[in-house]
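All remarks here apply to the structure that follows.
The values are calculated or read from the model by the stated rules, or taken from the named source; none is laboratory data. Because the structure is a prediction, the values reported are computed rather than measured. Reconstructed Cβ throughout: ideal geometry from the backbone, glycine too, with neighbour counts over all protein chains shown. Surface areas here come from the heavy atoms of the whole protein model, side chains and all, with no ligands, DNA or RNA. Shrake-Rupley method; radii C 1.70, N 1.55, O 1.52, S 1.80 Å.
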Amino acid sequence: LVASAAFLCFVASRSRGAYAALAGMEVVITALFFLLYLLKLDKKMSWLFWPLADIFNSVIAAVFLLVVCLFAVIIKTNNGTLAGGVFGLVLLVLSVVDAVLLFQKISLDGPRGRN
């Protein structure tokens, strides 16, 4: 929801394409991971350790969000860009929290059963 709010703010303010592209890409990737876990496709496609892929997604998204949203907040061409940058920074914090919680939850040397 936060990523879609940032995306809508960037699109409504007609800001640079990188801002809206990053927020939109994060909305799509998060929705795909949500569907993956909701439909239990991670159990059917066991050739990839999906929680680790989710951690990598969160860390890479956090790095990109840090750079792009700091530029959006610093430059703030209009109020929509500023609001999108603030939502992006909130999304950055949520991505870091997601990565840390997932990293604490999984164990790489233990069995792959559900906790």
With respect to Gly84, determine if the residue is open to solvent by less than 30 Å² (accessible area, probe 1.4 Å), on the phi < 0 side of the Ramachandran plot and touching a Phe, Trp or Tyr at 6+ places or on another chain (Cβ under 6 Å). yes
Identity of the residue in the stretch 21-56, open to solvent by less than 30 Å² (accessible area, probe 1.4 Å) and within 13 Å of the chain's Cα centre (by Cα), that ends up farthest from Val90 (Cα to Cα): Ala53
